[in-house]
1. With the requirement that a residue be in a helix (DSSP H, G or I) and within 25 Å of residue A:1 (Cα to Cα), what does region A:138-156 give you?
2. Under 7 Å by Cβ, and 6 or more places apart or on different chains, what pairs join a residue from region B:47-68 that is touching a residue at least 60 places away in the same chain (Cβ under 8 Å) with one that is among the basic types (Lys, Arg)?
3. Do we have any residue at all in region A:109-129 that's within 11 Å of chain B (Cβ to nearest Cβ), outside any loop (DSSP other than H, G, I, E, B), more than 30 Å from residue A:21 (Cβ to Cβ) and at pLDDT 95 or above?
4. Does any residue in region A:155-167 that is over 7 Å from residue A:84 (Cα atoms) come within less than 6 Å, Cβ to Cβ, of a residue that is within 11 Å of ligand 2 (Cβ to nearest atom) and open to solvent by less than 30 Å² (accessible area, probe 1.4 Å) six or more places away or on a different chain, and which pairs are these?
5. Please go through region B:103-124 and give me each residue that is open to solvent by 60 Å² or more (accessible area, probe 1.4 Å), outside any helix (DSSP H, G or I) and under 19 Å from residue B:143 (Cα atoms), ordered by number.
6. List the strands (runs of 3 or more DSSP E) that sit entirely inside region A:1-78 and contain at least 2 residues that are within 15 Å of ligand 1 (Cβ to nearest atom) and not basic (Lys, Arg).
7. Please give the number of the condition residue B:127 fails out of (1) under 19 Å from the mean Cα position of the chain (by Cα); (2) open to solvent by less than 50 Å² (accessible area, probe 1.4 Å); (3) of a type outside the set (Ser, Thr, Tyr).
8. Just to be sure, is residue B:89 within 14 Å of chain A (Cβ to nearest Cβ), surrounded by fewer than 21 Cβ atoms within 10 Å (Cβ to Cβ) and more than 27 Å from residue B:191 (Cβ to Cβ)?
Amino acid sequence: MITVNNLHKHFGELKVLNGIDQHISPGEKVVIIGPSGSGKSTFLRCLNLLEKPTGGQIFFEGTEITAPKADIDALRRRMGMVFQQFNLFPHLSVMDNITLAPITHKLLTKAQAQERAMELLNRVGLPEKANAFPKQLSGGQQQRIAIVRALAMNPDVMLFDEPTSALDPEMVGEVLEVMKALALDGMTMVVVTHEMGFAKEVGDRVLFMDAGVVLEEGTPSAIFENAQNPRTQDFLRKVL
Amino acid sequence: MLSTLMLSSAQAASVNQFDQWWLLIKDKAIAGDLNFWENLYKEIYQNVLFNNRWQNYLRGLGITLEVSFFAALFGLALGMLLAMMRLSGVKPLEKIAGIYIGVIRGTPMLLQVLIINFGLFGSIAIDRVIIGVIACGINSAAYVSEIIRSGILSVDKGQTEAGRSLGLSPWQTMRLIIFPQALKTALPALCNEFITLIKETSILAYIALTELTKAGDYIRSKTYSAFTPYIVSGILYLIVTGVLTHLLGKLERRLRQGDNR
Ligand SMILES: Nc1ncnc2c1ncn2[C@@H]1O[C@H](COP(=O)(O)OP(=O)(O)OP(=O)(O)O)[C@@H](O)[C@H]1O
Ligand SMILES: [Mg+2]
């Protein structure tokens, strides 16, 4: 579904990604771990071109999205993204946050979009918040709404960049539950996280990134119980 | 003396009544033999009441408000356009907008008005109100654009990223997500700019537009009173700006409360 060839990203002199090759299959759950500054977010943001790669290619569902003429907006409609800081639209109600994109893209009528939004809100246990504004919600609720907002576009892939890192500890669980349910539904997911429990439980494959490359990858058990690279071992000793 | 007169005829304060009071003190006025209250009445009579002169001020106020309102609309539209140009990332557009703003903010408004009046419209018969709207709008746009630009820049970068990640185009993201938030932040400053604009339209007196300042000046030319006509104009400006400033204060308080929405 996503193929990445020799991906490079430099910010001026700073070389953040130094040649990443990856293939992500439909339905796969890929979890990315690694120390701060290793390029995890940058890699994820390259996948939907929020960052423009400085080298290499990315293919999504058969089209090269790094080609100069690629329709970036069309690509992004099929790739949902969830941010560490939620980034809900504060001037819009929860309902309008969710329906804005499908209505603007004329994928659904307003009534259809609202019906679909209520369906999704029910799935994350927040139907009564449809008319609330983001600032009236807790962090955990905001993040669940942000997930719903992305899902409302019916994406083929969901990208998560540390979705629980900005949350108070007691709210981490409710967001992870939603993500687990999504995984069970068969969604293709790429998740940057420090939640090792989630990685073990949900991940099909874990990537350990360091200094802009994928240093080691494998099944959760291969990485967490039997890491080969000393850097991986060192990192896991610190976080586990 | 005046107060007893007022009491005795309080039921019908028509212009005729004012004229009668005037006749009573007229001889003393000619002799230069008035006390303070009589002097005040003389000034008000000559500069406001006589010949329905108060209508001149009100007409002037009407023109001031008319010019300010349309200049504000024009300035807002042009200011938004300039702000977009400055943030467009397209170098020539950024340059053009930057030069425009620099020139307007770096030269006196009076000079701009004179250039537009005599330079651009010197040979064309066109309503002075329209010239005033254009001149003040062109000036205001430069300030409005800076207010809006800083409003746009104050919106968190994550908002743009969230919009774009949903597949919205840059323009859709600007229109549906960034702009509404920027406008809310900029609203108090924009209202302030409007209040400033109302006062600055007085410069149009220079091109003989009979707005409120020119109206006062016209009365002075009839009565030769040094102060009173200008003070009457000033009071009318104060009423308008005072009311607007009060409303602005209310708006700011509401926006601050609404922040916790
Ligand atoms: N827009 C940018 N301009 C310049 N440097 C950047 C930019 N974005 C990221 N970087 C740098 O790139 C490096 C990698 O950043 P990135 O956010 O990808 O790391 P990360 O692995 O996600 O770290 P964390 O766990 O702290 O989120 C960092 O040194 C960061 O300072
Ligand atoms: Mg990161």
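The values are calculated or read from the model by the stated rules, or taken from the named source; none is laboratory data. In this text, all values refer to a predicted model and were calculated from it rather than measured experimentally. We place every Cβ from the backbone using ideal geometry, glycine too, and count neighbours over all the protein chains shown. SASA here: full protein model, heavy atoms, side chains in, ligands and nucleic acids out. Shrake-Rupley method; radii C 1.70, N 1.55, O 1.52, S 1.80 Å.
1. Once the filter is applied, which keeps residues that are in a helix (DSSP H, G or I) and within 25 Å of residue A:1 (Cα to Cα), region A:138-156 yields A:146, A:147, A:148, A:149, A:150, A:151.
2. Between residues of region B:47-68 that are touching a residue at least 60 places away in the same chain (Cβ under 8 Å) and residues that are among the basic types (Lys, Arg), the close pairs are B:47/B:53; B:60/B:214.
3. No - not one qualifying residue is present in region A:109-129.
4. Pairs that qualify, where the first residue is over 7 Å from residue A:84 (Cα atoms) and the partner is within 11 Å of ligand 2 (Cβ to nearest atom) and open to solvent by less than 30 Å² (accessible area, probe 1.4 Å), are A:159/A:44.
5. Within region B:103-124, just B:108 meets the criteria.
6. A:2-11, A:14-24, A:29-33
7. (2)
8. Values: within 14 Å of chain A (Cβ to nearest Cβ): yes; surrounded by fewer than 21 Cβ atoms within 10 Å (Cβ to Cβ): yes; more than 27 Å from residue B:191 (Cβ to Cβ): yes.
Here the answer is yes, as residue B:89 does meet what is asked.
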